[in-house]
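What follows is a single structure, written as structure tokens, with notes after it.
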Amino acid sequence: MNPQNCDNKSNICSCSVFNALSFATDIFEKIKTGHAKRVAYTSLKLASQLNMPIADMNRLFNAAILHDVGIGFGINEAYQEDREYNKVEHVKKGASIVSEFFHDQDITDAVRYHHENFDGSGYLGVRGADIPLFAGIIHLANYLDTIFERRTTYSEARKENQAAILKQSGILFDPLHVEAFIEMTSAERFWLDYRHENFDAMLERIISNNQIKIELDDLIKVAYVFSKMIDDKSKFTQKHSRNVALYMRETAKMKLFDEETQKKAYIAGLFHDIGKVSTPSSILDKPGPLSLEERSHIKVHSYYTRLILDHIPNIEDIARWASNHHEFINGTGYPERLKGDELDYFSRLITVCDIYEALSENRPYRKALSYEEAWQTIHEMRDENALCPEACRDLKGLTDIMTFNKNESTL
Ligand SMILES: [Fe+2]
Ligand SMILES: [Fe+2]
Ligand SMILES: [Fe+2]
């Protein structure tokens, strides 16, 4: 990604994108929401106390906000119960995820080594000065958040947590970091912010001068990485998001929409199921019919897609198209039961793309439908006024060409 200043009014800022993804991890973890934000807050405060240059603090923010991304997106919940496996695996997965779009070794190392102890007793056995600076800072910030008790008053919190961190000087943490932590947390402000979670304004103040603007092409790279991970949650959806994205982009191209709209349609397709971070793979892979509760669990995902993407200002159209992919024009879809004109062209199109791709995939309870069977089903839904005739016609036109080309190339 090319660092370039961002005015936050019309541009897409990298911080908001990573904030959205950390929120997605929160949804997955269910228990301590806001964990990544709190860790970012303490990390930046500590870095400032250590006189870190502002440009580095921006990179530290990215590392801290994504430090546990390997939990939400990397680990199949078959391993959720296995704590030992999770510990080591979440840092490795997280590091490989962030390395795919940052190409910044310090950020990758921060995620990989954020559970390394100063005395060498951490997950990967790195010790002392060999622990990268960002990782050491995030480790301390992360530890604070795991021991912090919200019910205590701010003065109790200061006393208890300072004592707990001090006890780990030279064991879990670099004594220099502990010293800086004690210094910076003697001010009431830190604990007042921490208890009341006044982070947004504070984080904004620290990094706003150095926001990084990203282009749609960068967002495509990030969305692509996360779409792969969402699709990997189930063996039945291996290329689902990427195919939906492809149909969206190619239909937009065929209809002569401008290049920006084509890219946005593509990103909406890549992101449309990101809310599935909340859906257990055991439900996605269940071989029989789903219970009522399991069905409602699945139905939440497009609502979560919206909540996640709403964290990114200035992509309203992408967020709308992505999260409307289970809405029907007769108002029988979910989660908003939108109907008719409330659904714009790409919201209608993504629903058809999603259904076409789903019908063309194997499911635990049925085999993939043939091309003709899939379109017969879609046309029946169109005739029941659930699907938009124009969107059906457009995608049919595209898939006719794609199928023809595929058959030609295998001749
Ligand atoms: Fe972690
Ligand atoms: Fe963490
Ligand atoms: Fe979906």
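Taking the criterion of being in contact (Cβ under 8 Å) with a residue 60 or more places away in the chain and within 14 Å of Asn117 (Cα to Cα), no residue of the stretch 145-175 qualifies. What about Phe134, is it surrounded by 20 or more Cβ atoms within 10 Å (Cβ to Cβ) and in contact with an Asp or Glu (Cβ under 9 Å, 6 or more places away or on another chain)? Taking the combined requirement at face value, the residue satisfies it.
Flag not set for Gly94, criterion: within 14 Å of ligand 2 (Cβ to nearest atom) and modelled with pLDDT under 85. Tell me, yes or no, whether the stretch 247-255 has at least one residue that is touching a Ser or Thr at 6+ places or on another chain (Cβ under 8 Å), more than 12 Å from ligand 3 (Cβ to nearest atom) and more than 21 Å from Cys13 (Cα to Cα). Yes, the stretch 247-255 has at least one match. The residue that is surrounded by the most Cβ atoms within 10 Å (Cβ to Cβ), counting only those in the stretch 363-396 that are of a type in the set (Phe, Trp, Tyr) and outside any loop (DSSP other than H, G, I, E, B), is Trp375. From the list Ala386, Ala391, the lone residue that is closer than 19 Å to Ile329 by Cα and in contact with a strand residue (DSSP E or B) (Cβ under 6 Å, 6 or more places away or on another chain) is Ala386.
Of the residues Lys235, Lys263, Lys221, Lys228, the single one that is more than 15 Å from ligand 3 (Cβ to nearest atom) and either hydroxyl-bearing (Ser, Thr, Tyr) or not in a helix (DSSP H, G or I) (or both) is Lys235. Against the conditions (1) among the basic types (Lys, Arg); (2) assigned to a helix (DSSP H, G or I); (3) touching a residue at least 60 places away in the same chain (Cβ under 8 Å), Lys286 satisfies every one except (2). When Arg127 is tested against (1) within 15 Å of ligand 1 (Cβ to nearest atom); (2) modelled with pLDDT of 85 or more; (3) surrounded by fewer than 21 Cβ atoms within 10 Å (Cβ to Cβ), just one condition goes unmet, and that condition is (1). Residues being surrounded by fewer than 17 Cβ atoms within 10 Å (Cβ to Cβ), away from ligand 2 (no atom under 16 Å from the Cβ) and not in a helix (DSSP H, G or I) are entirely absent from the stretch 269-279.
Looking across the stretch 308-362, just one residue is surrounded by fewer than 16 Cβ atoms within 10 Å (Cβ to Cβ), assigned to a helix (DSSP H, G or I) and either of a type in the set (S, T, N, Q) or within 20 Å of the chain's Cα centre (by Cα) (or both), and that is Glu316.
Beta carbons closer than 6 Å, at least 6 apart along the sequence or on distinct chains, pair a first residue in the stretch 304-331 that is over 19 Å from Tyr224 (Cα atoms) with a second that is aromatic (Phe, Trp, Tyr) for His326/Tyr334. Scanning the stretch 390-411 for residues that are modelled with pLDDT under 90 and of a type in the set (Gly, Ala, Ser) gives a single hit, Ser409. Would you mind stating whether Thr305 is within 14 Å of the chain's Cα centre (by Cα), in a helix (DSSP H, G or I) and in the same structural domain as Leu395 (by TED's automatic domain parsing)? Against the criterion (within 14 Å of the chain's Cα centre (by Cα), in a helix (DSSP H, G or I) and in the same structural domain as Leu395 (by TED's automatic domain parsing)), Thr305 qualifies.
The values are calculated or read from the model by the stated rules, or taken from the named source; none is laboratory data. None of the values given here were measured: they were computed from a predicted structure. So basically every Cβ, Gly included, is an ideal-geometry build from the backbone, and we count neighbours across all protein chains shown.
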